[in-house]
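The values are calculated or read from the model by the stated rules, or taken from the named source; none is laboratory data. Keep in mind the model is a prediction, meaning the values are calculated, not measured. Cβ coordinates were reconstructed from backbone atoms using ideal geometry, including for glycine residues, and neighbour counts include every protein chain displayed.
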Amino acid sequence: MRAMNPPDPARIPLLAVLSAKDRSRILKYATHRTYDPGETVVREGDPALNLFIVADGHARVERVGVGPVGRLQPGDFFGELGLIEQHGRTATVVAEDALTCYLLPAWEFRSLLKEHPEMAVPMLEAVIARLHGREHHGSGG
């Protein structure tokens, strides 16, 4: 297994809008979890319990009846839609290689958005980019 080389938190768009102190505090209390290649990280329809930030590795995003719709790499995040709308996961995420993520529980994520509304801007930009990719590139994969 390769050593984790986490991205600089200032280079993670979702966290870049925060002060260094706030980024450090968030990551200090986030859970770190590593998934094996081929392991399902979240399954479409499952309850949304955490926001995931990819620290190392890559993952494939799939939708039932559609197939692959995207790919995640270090610095990307996922799981925000289910937490904001409080519904099940909208896609399945599968580790392509050893994948390490920071996990922020739903209550912490909601609290962060209230405390730091500026985090909504990079989140919205990412959601728009995902929608744009699907609209102009079909399945996105």
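Looking at segment 76-93, can you tell me whether even one residue there is of a type in the set (D, E, K, R) and modelled with pLDDT under 80?
No, that holds for no residue.
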Exercise. For segment 14-56, what are the residues that are in contact with a His (Cβ under 8 Å, 6 or more places away or on another chain) and not charged (D, E, K, R)?
Worked result: Val17, Leu18, Ala48, Ala55
Exercise. Which one of Pro74, Pro122, Pro68 is in a loop (DSSP other than H, G, I, E, B) and either surrounded by fewer than 16 Cβ atoms within 10 Å (Cβ to Cβ) or in contact (Cβ under 8 Å) with a residue 24 or more places away in the chain (or both)?
Worked result: Pro74
Seminar exercise, completed: Selection from segment 10-45 of residues closer than 29 Å to Thr92 by Cβ, loosely packed, with under 13 Cβ neighbours inside 10 Å and modelled with pLDDT under 90 yields Arg11, Tyr29
Exercise. When residues of segment 11-33 are filtered for being under 22 Å from Ala98 (Cα atoms), among the small types (Gly, Ala, Ser) and in a helix (DSSP H, G or I), how many remain?
Worked result: 0
